Amino acid sequence: GESVGLHLPTLSVQEGDNSIINCAYSNSASDYFIWYKQESGKGPQFIIDIRSNMDKRQGQRVTVLLNKTVKHLSLQIAATQPGDSAVYFCAENTGGFKTIFGAGTRLFVKA
Amino acid sequence: GAVVSQHPSRVICKSGTSVKIECRSLDFQATTMFWYRQFPKKSLMLMATSNEGSKATYEQGVEKDKFLINHASLTLSTLTVTSAHPEDSSFYICSAKGTENTEAFFGQGTRLTVV
């Protein structure tokens, strides 16, 4: 069936470097994408979203890029900090209420 | 962002008993709430979609008689795990949305351990 998945299960970066987390989605009908951050033992926390009529959106230290041609989504974190260490999920909506999650990438930030 | 409160955060129950988990939207009206299940080091798996005043819609493979969902008001949905068994031990997370195609706000999750 349709799914959202991630290229890299684990990413390790040096503090201060930029991080890039990738996500591939297969449902071409998806029109809304979200990145969530989940810390251990907690629920997911919204980071940033993007709609399918855009290809880039920036937040505070984060940027989401959407490439609909290859069905690819990425999350860029600038100047990664130890507090950014967590599991990051991309998620998609397909014209409705349901939010379907990808597999997740664990980000380790080395001090 | 909006606040979703989930209770309890942890629960341990005996095999064969039932457990109720509550999910409340504290500062907005949630027309739709969702229940997810998450195993260690895995992603969130959608179990069901709960609409206020109507029956929940369950995802394929999720037993509706085992995971009872009630969405009695615009601010409260409950998930009851009936006749719990050790394999039901998991992290259960709810989320809520006010409108379609916006981000969902998540509760802090409930760690269920069935012994």
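Among the residues of the stretch A:44-66, are any in contact with a Pro (Cβ under 8 Å, 6 or more places away or on another chain) and within 24 Å of B:TRP35 (Cβ to Cβ)? No, the stretch A:44-66 has no match at all. Just one of the listed residues (A:GLY16, A:GLY102, A:GLY5, A:GLY41) is modelled with pLDDT under 95 and either on the phi > 0 side of the Ramachandran plot or among the hydrophobic types (A, V, I, L, M, F, W, C) (or both), and it is A:GLY41. Out of all the residues in the stretch A:23-37, is one or more under 27 Å from A:ALA111 (Cα atoms) and polar (S, T, N, Q)? No - not one qualifying residue is present in the stretch A:23-37. A search for C-beta distances below 7 Å between a residue of the stretch B:19-45 that is modelled with pLDDT of 90 or more and any residue that is among the charged types (D, E, K, R), counting only pairs 6+ apart in sequence or on different chains, returns B:MET45/B:ARG37. Of the residues that make up the stretch A:86-105, is at least one β-branched (Val, Ile, Thr) and over 21 Å from B:PHE105 (Cα atoms)? There is no residue in the stretch A:86-105 that is β-branched (Val, Ile, Thr) and over 21 Å from B:PHE105 (Cα atoms).
Of all residues in the stretch B:76-98, those satisfying the criterion of being facing chain A (nearest Cβ under 9 Å) and within 17 Å of B:VAL3 (Cα to Cα) are B:ILE93, B:CYS94, B:SER95, B:LYS97.
For residues that are in a strand (DSSP E or B) and farther than 26 Å from A:LYS37 by Cα, scanning just the stretch B:58-68, find the one that is farthest from the other protein chains (Cβ to nearest Cβ).
The residue in question is B:LEU68.
Selection of the stretch B:59-103 for residues being under 13 Å from B:SER18 (Cβ atoms), free of Cβ contacts under 8 Å to residues at least 60 places away in the same chain and either touching a helix residue (DSSP H, G or I) at 6+ places or on another chain (Cβ under 6 Å) or of a type in the set (Asp, Glu) (or both) yields B:ASP65, B:ASP88.
The values are calculated or read from the model by the stated rules, or taken from the named source; none is laboratory data. The structure presented is a predicted model; accordingly, all values stated were derived computationally and were not measured. As a convention, Cβ positions derive from the backbone with ideal geometry for all residues, glycine included, and neighbour counts pool all protein chains shown.
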